[in-house]
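Here's the structure we're looking at; comments come further down.
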Amino acid sequence: MHCPKCGTVASENQRFCRSCGFGLEKVAELISETAGKGSGELPATWRMIKRLRDFIFFGFVTILVGGISYGLIQKIMIEKGHFWQGLLFLLVIYGGIAAAILSIVIDEKRTAHRKRGATPPAELPPAETTNKLLLEAPRDAVLSMTEGTTRSLDAAPAPGEKRSGDLSS
């Protein structure tokens, strides 16, 4: 079990997180309740529904393609004698249907791959805790950007005296 606040590894019987002090009693209860539920029936039901949906979909597509194919072959290719135009149209229709089916299959494979790749790591690395507080924060002198400019303004040159770096003649 891991602390939901900081991610530190905690045992099941631990009441508080050793790193951040978060109360872990409710988390342990939720984990035990979730693990005790019989969730094995729901995925089997969903798989059966998905198979039935796919069967109906592909059956509908097959009937649709068969009807279009029969109509094209009968009306265009046989009755009118336009064999090449009918064949080209059939190839376009079959190619579109094949592309649609292929995109559905690829999408399902990608979803399954993402689900497999999203497994959490077996164990997180241990968090470093020192249990020490800094007594006083280190203080470094922070100089302003304009501090050097202000110092050079204090030493103003006398009238008629040239400053170093002055461009006027």
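A short reminder: the numbers here are calculations on the coordinates, not readings from a lab. Every value quoted in this text rests on a predicted model; they were computed, and no experiment measured them. As a convention, Cβ positions derive from the backbone with ideal geometry for all residues, glycine included, and neighbour counts pool all protein chains shown.
See the values below:
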item	result
Tensor-based shape of segment 40-117 (alpha-carbon gyration tensor, a/c under 1.5 rounded, otherwise prolate or oblate)	oblate
Residue order, fewest to most beta carbons within 10 Å, for 26, 75	26, 75
Burial ordering of 109, 5, fewest other beta-carbon atoms within 10 Å first	109, 5
Dipole magnitude of segment 40-117 about its Cα centre (Cβ charges: Lys, Arg +1; Asp, Glu -1), debye to nearest 20	380 debye
77, 48 arranged by Cβ crowding within 10 Å, fewest neighbours leading	48, 77
Under 5 Å, built H, 5+ apart or other chain: amide partners of residue 16	24
Amide proton proximity set for residue 2, modelled H, under 5 Å, gap of 5+	10
